[in-house]
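Accompanying notes for the structure given below.
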Protein chains: 2
Amino acid sequence: MEVELKEMLNDLESLKRSLTDPSHHAPIDQLQLRVERLTSLASSGPVRRSKVKDMSAEVVDSNPYSRLMALQRMGIVENYERIRDFSVAIVGVGGVGSVAAEMLTRCGIGRLLLYDYDKVELANMNRLFFRPEQSGMTKTDAAVQTLSDINPDVVLESYTLNITTVQGFDTFMSSLKDKSFRPNKEGSGVDLVLSCVDNYEARMAVNQACNELNQTWMESGVSEDAVSGHIQLLIPGETACFACAPPLVVASGVDERTLKREGVCAASLPTTMGVVAGLLVQNTLKYLLNFGNVSPYLGYNSLKDFFPTMEMKPNPQCSNFACLERQKEFLLVKPARDAALKAKMEAEASSSVTECPLHLDNEWEISVVDDSEPDRIEAKSADALPEGLVRELPNADEFQKSPTEAADATIDDLEDLRKQLEALNS
Amino acid sequence: MEVELKEMLNDLESLKRSLTDPSHHAPIDQLQLRVERLTSLASSGPVRRSKVKDMSAEVVDSNPYSRLMALQRMGIVENYERIRDFSVAIVGVGGVGSVAAEMLTRCGIGRLLLYDYDKVELANMNRLFFRPEQSGMTKTDAAVQTLSDINPDVVLESYTLNITTVQGFDTFMSSLKDKSFRPNKEGSGVDLVLSCVDNYEARMAVNQACNELNQTWMESGVSEDAVSGHIQLLIPGETACFACAPPLVVASGVDERTLKREGVCAASLPTTMGVVAGLLVQNTLKYLLNFGNVSPYLGYNSLKDFFPTMEMKPNPQCSNFACLERQKEFLLVKPARDAALKAKMEAEASSSVTECPLHLDNEWEISVVDDSEPDRIEAKSADALPEGLVRELPNADEFQKSPTEAADATIDDLEDLRKQLEALNS
């Protein structure tokens, strides 16, 4: 539009020159003024925020990071600004992946890699993120458009490809290996891979890539009836990989592609997908910024608001060769790691008694209820309730054991695992 | 811009008429053509989807409701289209309220009433929904702008006011009473009120209004350290009202307004707020569309991924007069309601044995794992695991008792309640 208006100004100028009678100049001058006004109107467009060099904790309305940096003052996160160093890959930019991408973007993640081959349709409008006017765009393009407006500080890379094709998988692998964002990083070029795909084949492709690269990842999924979901942490060699414990739908031999046939569609809800994305990114933040406990598996049964958790050891008979390699490596390093963990926990337990408060000046008397540390240390005394008081609800620790305890309670046998999954679904 | 261009066309026309030499007409004709082209460019703008008269279950990419109507075929919801009859009021359009509004809009709710007095700031960008270019707009205006683009079928009413002022409260009350959307509706003009405010005063105002109107509502909240949250169902006279069980922060006498002083801000995260909004709207859908179990209280401790639940009876010494009135009314109707509920459950238990399948034609062999009914009916047999198999996780029913059982287990005494809250927070 700006070009058209500029040409119009030129046309008016030459018309004015061609008119010898000066009485005709006044209306042309007026027209030129109008065009200039329109030019400034057209160029203003939507206001975009400028990039922010350093994250500041300053409490002013114009600071997009003040409420995130406050996590430090509240004693939740030690160094929030580290988030700018991290790269997260999101595979599948649908109902869960798009919301996860938006959350990480708003949290100021350093770099996001987005993978999808699909296009936005009006049929996606029952989930968050995409807008009707983006129909027909690729999901990756539409996501980059929205996310770069929301936070121009995030480095966005989008890959419009299908990771289950040979070529797509190759590009996926090399993008994960690329270390140009943080050349000194150990391991691959990304800190975490989030699988937000909706089918078994794509999950197996992510599993293959992460096993080969020894890359920690998180799996997510939502049921066909839209009312259940889950997230799962997968550390190659240390936890079960996706091939170690195939889901029941695969075990029972149903071809999931029948669901994709014309005239049949699975149900979905913005609520279930929003909750799963929220749980997934919350665990991502805990994992990257080192606070709270990262859940090895967390289910969401929305009909009952029930949230099962469990841990799964790798399967020594896993069909995935790279998984078996990672298992061997893990067994070699495990004794040293366990010893270091034990020493660290002992050191923490002895130092916590004499620990100073986080903030000596607490002018506004903000007090945070610390609900993580005390009951690890004082588990015994916290369990003893005052006389006459009965605990109606079980304590959080009755579900979530500490890492060392839980390791002993994990499931070793695949057949047991299947039965556990069945029990969880019924 | 369209107006400016129209005026420009008129100016060009009168200039042409004033020029007697026809050789000058050609450049003016050309300019008029340019302006006409610009007019069509400017009017096209972003494509908006047109309104949809009836919700269809047809599986085509252009149907924004196909994945929601699929909830019927999946046997989750009996009649999804009823959602168009419902009015929901959302008080507070911040980190939780805006996302709740977007979810309900995408679900195709009939009518949304939005209340907030605040403006969008860049400091809000660490939560979902608002965009940087909306900075400076009122939250209600910005929300209506975004929501009407997402789903033009939803009737949106926005109230830019503070419900804790005398005038604001009056407008709030009369808007809740207004029945023009569904004149035959019983009770007030809305089906549910969602409180998504961030302070005690505003919650007490919602509580007062709902007690006076005998209006069921849901409360939501997120902790100052951004890592915990909760939702709660409040039915006047039947459950504890907000004044029956004041939160600990009030009981301990800390003035929450100190937190709002310049230079100090609470932390917030898009994840916690997204999860709380998702849990809130999922329970809203269960309540309105009559599926699953609506949680009386559901907490979210994100550091441990722990989700406590509980029920609270009303306090016979409540300081709120309207609450005491509703309690008296409830005691009068309770015996008849209990008898009706018992008869209904008995009838369901006997009919469920001979019930036919939901879909006789299941061409694509879709099978849904039903995780609500079986264990209510077959609780005994499901608990008996095969020999040698130990249940690592507790069953959902061990936390969430059926409505009749749970009613007996609720807490009667306020002092006990405070201790329970304390225990949950520690």
Picking from B:Leu156, B:Leu176, B:Leu161, which residue would you name as being out of contact with any Leu (no Cβ under 7 Å at 6 or more places or on another chain) and either crowded, with 18+ Cβ neighbours inside 10 Å or aliphatic (A, V, I, L, M) (or both)? B:Leu161
Can you tell me which residues in the stretch B:164-201 are under 17 Å from the mean Cα position of the chain (by Cα) and among the hydrophobic types (A, V, I, L, M, F, W, C)? B:Leu176, B:Val190, B:Leu192, B:Val193, B:Leu194, B:Cys196, B:Val197
Criterion first (among the hydrophobic types (A, V, I, L, M, F, W, C), modelled with pLDDT under 50 and either assigned to a helix (DSSP H, G or I) or surrounded by fewer than 21 Cβ atoms within 10 Å (Cβ to Cβ) (or both)) does A:Val250 satisfy it? yes
So B:Gly292, is it under 30 Å from A:Arg73 (Cα atoms) and at pLDDT 95 or above: no
Residues located in the stretch A:49-61, provided they are more than 8 Å from chain B (Cβ to nearest Cβ), open to solvent by 70 Å² or more (accessible area, probe 1.4 Å), free of Cβ contacts under 8 Å to residues at least 24 places away in the same chain and not basic (Lys, Arg): A:Glu58
I'd like to know if the stretch A:62-77 contains one or more residues that are open to solvent by 10 Å² or more (accessible area, probe 1.4 Å), in contact with a Cys (Cβ under 8 Å, 6 or more places away or on another chain) and at negative phi. yes
Looking only at the stretch B:8-33, which residues are more than 7 Å from every other protein chain (Cβ to nearest Cβ) and either touching a residue at least 40 places away in the same chain (Cβ under 8 Å) or among the acidic types (Asp, Glu) (or both)? B:Glu13, B:Asp21, B:Asp29
Going through B:Val193, B:Val144, B:Val206, B:Val166 one at a time, which residue ends up being among the β-branched types (Val, Ile, Thr), open to solvent by 20 Å² or more (accessible area, probe 1.4 Å) and in contact (Cβ under 8 Å) with a residue 12 or more places away in the chain? B:Val144
Restricting to the stretch A:285-324, what's the tally of residues that are over 23 Å from A:Asn207 (Cα atoms) and more than 9 Å from chain B (Cβ to nearest Cβ)? 2
With the condition kept exactly as written, say whether any residue in the stretch A:25-42 is more than 24 Å from B:Gly274 (Cβ to Cβ), open to solvent by 50 Å² or more (accessible area, probe 1.4 Å) and part of a loop (DSSP other than H, G, I, E, B). no
Assess whether A:Glu78 counts as being among the acidic types (Asp, Glu), in the same structural domain as A:His230 (by the TED database) and in contact with a Leu (Cβ under 7 Å, 6 or more places away or on another chain). no
Just the residues that are part of a loop (DSSP other than H, G, I, E, B) and open to solvent by less than 30 Å² (accessible area, probe 1.4 Å), please, taken from the stretch B:305-338. B:Asp305, B:Phe307, B:Pro308, B:Met310, B:Pro314, B:Asn315, B:Cys318, B:Asn320
Could you tell me whether the stretch B:74-95 includes any residue that is assigned to a helix (DSSP H, G or I) and small (Gly, Ala, Ser)? no
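Each row is one residue, and each column tells you yes or no for (1) polar (S, T, N, Q); (2) within 9 Å of chain B (Cβ to nearest Cβ); (3) over 16 Å from the mean Cα position of the chain (by Cα).
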residue: A:Phe86; (1), (2), (3): no, no, no
residue: A:Val91; (1), (2), (3): no, no, no
residue: A:Arg106; (1), (2), (3): no, yes, no
residue: A:Gly110; (1), (2), (3): no, no, no
residue: A:Lys119; (1), (2), (3): no, yes, yes
residue: A:Arg131; (1), (2), (3): no, yes, yes
residue: A:Ser135; (1), (2), (3): yes, yes, yes
residue: A:Thr138; (1), (2), (3): yes, no, yes
Quick check on B:Leu288: is it farther than 30 Å from A:Ile150 by Cα and open to solvent by 60 Å² or more (accessible area, probe 1.4 Å)? no
Hits in the stretch B:212-237 - residues which are away from every other protein chain (no Cβ under 14 Å) and in contact with a Leu (Cβ under 9 Å, 6 or more places away or on another chain): B:Leu213, B:Gln215, B:Thr216, B:Trp217, B:Glu219, B:Pro236, B:Gly237
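The values are calculated or read from the model by the stated rules, or taken from the named source; none is laboratory data. Quick caveat: nothing in here was measured; it's all calculated off a predicted structure. Heads up, the Cβs are rebuilt from the backbone with ideal geometry, glycines too, and the neighbour counts pull from every protein chain shown. Just so you know, the surface numbers come from the protein's heavy atoms only, side chains and all, with ligands and any DNA or RNA stripped out. Shrake-Rupley method; radii C 1.70, N 1.55, O 1.52, S 1.80 Å.
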